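These notes are about the structure you will find just below.
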Amino acid sequence: MSRLFRRFEILLPTRFNDGNAVPQELIGETIIELRTKFGAVSSETQLIAGQWTHENRVYKDELVRIFVDVPDVPENRDYFLSFKETIKSRFNQIDIWMTTYPLDVI
């Protein structure tokens, strides 16, 4: 029997918008917070290079991806909508890229 889950992927910056390095503790704190809440979290060690424009300024990012697979229920979506605001503040970011998609776990 399959179970319907939803994956939430978050791209966390390794540098603040001003170019200074993000302390590893902030990334670790974020991972631990999600593991504590949901019992599991995964992350990738490769850096993801990104570029984006905001108010005519180009930002270049080095990012790490973390992801969590959770039951596909409205309460979990609500949690991640709130969590996005928390980590935007934590990482002092204009925005944090968070995506979600359904999973069929077999």
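Just so it is clear, none of the values below were taken in a lab; they were calculated from the coordinates. For clarity, every value in this text was computed on a predicted model and none was experimentally measured. Reconstructed Cβ throughout: ideal geometry from the backbone, glycine too, with neighbour counts over all protein chains shown.
Axis of helix 74-90 versus longest Cα principal axis of the chain: the two differ by about 20°, to the nearest ten degrees.
Could you run the Debye sum over the Cα atoms of segment 3-105, one equal point scatterer each and no solvent, and tell me log10 of I(q)/I(0) at q = 0.23 Å⁻¹, two decimals? Taking Cα atoms of segment 3-105 as identical point scatterers yields -1.32. Here the chain is assigned +1 on the Cβ of each Lys and Arg and -1 on the Cβ of each Asp and Glu. Its dipole about the Cα centre then comes out at about 60 debye.
Full extension of the segment from VAL73 to GLU29, taken as 0.36 nm per residue of separation minus the current Cα-Cα distance, would add 13.4 nm. Packing-based ranking of 60-67, 98-105 yields 60-67, 98-105, ordered from highest to lowest mean Cβ neighbour count within 10 Å. The distance between label points at LEU103 and ASN17 comes to 3.1 nm (points 7 Å beyond Cα on the Cα→Cβ vector).
For ARG57 and PHE5, what is the calculated FRET efficiency with R₀ set at 25 Å and r taken between the beta-carbons, to the nearest 0.05?
Working: r = 37 Å, r/R0 = 1.50.
Computed FRET efficiency for ARG57 and PHE5 comes out at 0.10.
Within the straight-line cut-off of under 19 Å between alpha carbons, the lysines reachable from LYS60 are LYS88, sequence neighbours fewer than 8 places apart in one chain being disregarded.
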